[in-house]
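The values are calculated or read from the model by the stated rules, or taken from the named source; none is laboratory data. None of these values were measured; they are calculated from a predicted model. Cβ placement follows ideal geometry from the backbone for every residue including glycine, while neighbour counts extend to all protein chains displayed.
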Amino acid sequence: MEKREKLYEGKAKILYATDQPDYVIQYFKDDATAFNAAKKGTVDQKGVMNNKISTKIFEFLQSEGIPTHFVKHLSDREMLVKKVQIVPVEVVLRRRSAGSLCRLLGIEEGRKLKNPVLEFCYKRDDLGDPLINEDHIQALGLATPQEIATIREYVFQINELMAKFFANLNLELIDFKLEFGRYKGNIILADEISPDTCRIWEMGTGKKLDKDRFRHDLGNIEEAYQEVLSRISK
C-alpha cells in the first residue's frame, strides 16, 4: 500500500490518498480542540491511543454486523479505511445529560434520560455545527429519507452494542458522536470512535475518562485516555 498526497486535514485527523482509489490512510493527530475549536491544545500520544481504541471498537462493531470504513490498523497513528463521501450530518446519541444538552435545556449533568435522545447537527464548523432536524436535512439535500432511516437504525444498534461493550469494562457510555459516509451506494460508519467522540465515565466513581478532561481543565488527560485503552486491550 503506497501512501500518497494529503487529501484533507481536520482538527484531529489527516487523510492521505493511496495507490488504490477505494482506500485512504487515516492519520490520528495529537491536536485537541473543544467548543468548536475555540479552545486548542495538544495531548501527548492522543493520536496513538485514539487510533488503537478506534481500531478495537470498529473491529467489535464489524463483528456484530455494523458496516464501517475500517479496513486494518497500519501503525501507531494510521489505519487504512474505505474512501467514503461523508454525509455532512453529525449524529449524537445521548443516554445521560451532559455538555450542550445541559446548557440547552437547563438540566443538571448526569441525569438518566428516560429514553436515548438522538440529535442531528449540520457539519459546518463555521456555523458551530448547529442542531438540525430531518426536515432541514431533506430541505438542504444533505441526505435522503432512506439514508437518514438507515443512519437512525445503525445509531440505535450501535448504542446498544457499545453500552454493553463498555459496561463489561466497568465503564458507562454517557453519549457519543458518529459520522457516516457513502461507499459504493451504501451508508457505512466512518470517522473514529474514541474518548474524543464519546463521553465515558467510570462506573461507581463517575470519573470522566474522555475529552471533557481537556474541555474543562480537569487534568490527567493522557492518563484518562490510557485507562480506556488499557481496559479495551485486556
Condition check for residue 179: among the acidic types (Asp, Glu), touching a residue at least 12 places away in the same chain (Cβ under 8 Å) and part of a helix (DSSP H, G or I):
no
First in region 101-118 and of a type in the set (Lys, Arg), second anywhere and not in a loop (DSSP other than H, G, I, E, B), Cβ under 7 Å, 6 or more apart
111/96; 112/96
If the Cβ limit is 6 Å and pairs must be 6+ apart or interchain, which residue in region 1-22 that is part of a loop (DSSP other than H, G, I, E, B) pairs with which residue that is basic (Lys, Arg)?
12/29; 22/83
Which numbered condition trips up residue 108, out of (1) part of a loop (DSSP other than H, G, I, E, B); (2) surrounded by 12 or more Cβ atoms within 10 Å (Cβ to Cβ)?
(2)
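Please tell me if residue 135 is exposed (fewer than 13 other Cβ atoms within 10 Å of the Cβ), at pLDDT below 95 and in the same structural domain as residue 209 (by TED's automatic domain parsing).
Numbers: exposed (fewer than 13 other Cβ atoms within 10 Å of the Cβ): yes; at pLDDT below 95: no; in the same structural domain as residue 209 (by TED's automatic domain parsing): yes.
Here the answer is no, as residue 135 does not meet what is asked.
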Please find, among 24, 48, 87, 43, the residue that is in contact with an Asp or Glu (Cβ under 9 Å, 6 or more places away or on another chain), within 19 Å of residue 123 (Cβ to Cβ) and surrounded by 13 or more Cβ atoms within 10 Å (Cβ to Cβ).
87
Of 71, 81, 92, which residue is surrounded by 15 or more Cβ atoms within 10 Å (Cβ to Cβ), touching a Cys at 6+ places or on another chain (Cβ under 7 Å) and in a strand (DSSP E or B)?
92
Examine region 215-234 for a residue that is under 23 Å from residue 60 (Cβ atoms) and part of a loop (DSSP other than H, G, I, E, B), and state whether such a residue exists.
yes
